[in-house]
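Only one structure is covered here, and it is reproduced in the block below.
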Amino acid sequence: MEGWPDHYVRIMADFCCEGVWDREGCAGGADELPLSPDLQAALKAWADWYDRDAPDGTPDPQPDFPMAEFSAQGLALARRVKAELPDWTVIYLDEAKFYASPRDVDRAIFEYEIHG
């Protein structure tokens with residue numbers, strides 16, 4: 001994999017991306033990873049949900065956005081990524097914990113490695 005030489009991926013939602021990031025923080029395409037087509041599509045759908053419904057151009061999610069459900073789905077996807085790429089480092093950024101945390105909190109509260 002040319003774009004993922006160190007076998008590291010972060011699963012994190014953000015605007016106009018597919019929810020996958022390399023170690024340097026560059027967004028990549030889910031189809032660039034050696035994942036099943038089903039999981040690639042699920043990652044894209046999850047990222048599209050965020051793009052369509054979450055922040056609406058502000059740093060905070062919309063009040064009616066189901067952040068806990070969104071984050072649980074993201075965690076489940078990160079676990080699926082780890083299952084398909086067991087030798088990779090898979091990091092997950094939990095949006096619900098991120099938005100609920102003070103900005104000066106240790107990132108380990110909302111961003112952590114997924115283990116097999």
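Values in this text are rule-based calculations from the coordinates and carry no lab data. On a predicted model such as this, the values are computed, not experimentally measured, just so you know. Don't worry about glycine lacking a Cβ; one is built from the backbone with ideal geometry, like all the others, and counts go over all protein chains shown.
Below is a table of values for the structure above.
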quantity	calculated
Residue among Asp87, Asp53, Asp106 with the largest mean-square fluctuation in a Gaussian network model of the chain, springs linking Cα atoms under 10 Å	Asp106
Cβ-placed point charges (K, R +1; D, E -1), dipole of the chain about Cα centre in debye, nearest 20	280 debye
Percentage relative contact order, the chain, counting C-alpha pairs under 8 Å, at least six apart	26 percent
Crossing angle, helix 67-84 versus the chain [Cα axis fit, 0-90 degrees, rounded to tens]	10 degrees
Loop trypsin sites (Lys or Arg not before Pro), the range 77-112 (other Cβ atoms within 10 Å of the site Cβ: 10 or fewer; DSSP)	Arg103
Rh (Kirkwood; distinct C-alpha pairs) - the range 8-114, Å	13.9 Å
Length added when fully stretched, Cys16-Ser36, from 0.36 nm per residue minus Cα-Cα	5.0 nm
Test item: Cα-centred dipole of the range 67-116, Lys/Arg +1 and Asp/Glu -1 on Cβ, debye	80 debye
Net charge contributed by nearby residues that have their C-beta within less than 13 Å of Cys16 (K/R +1, D/E -1)	-2
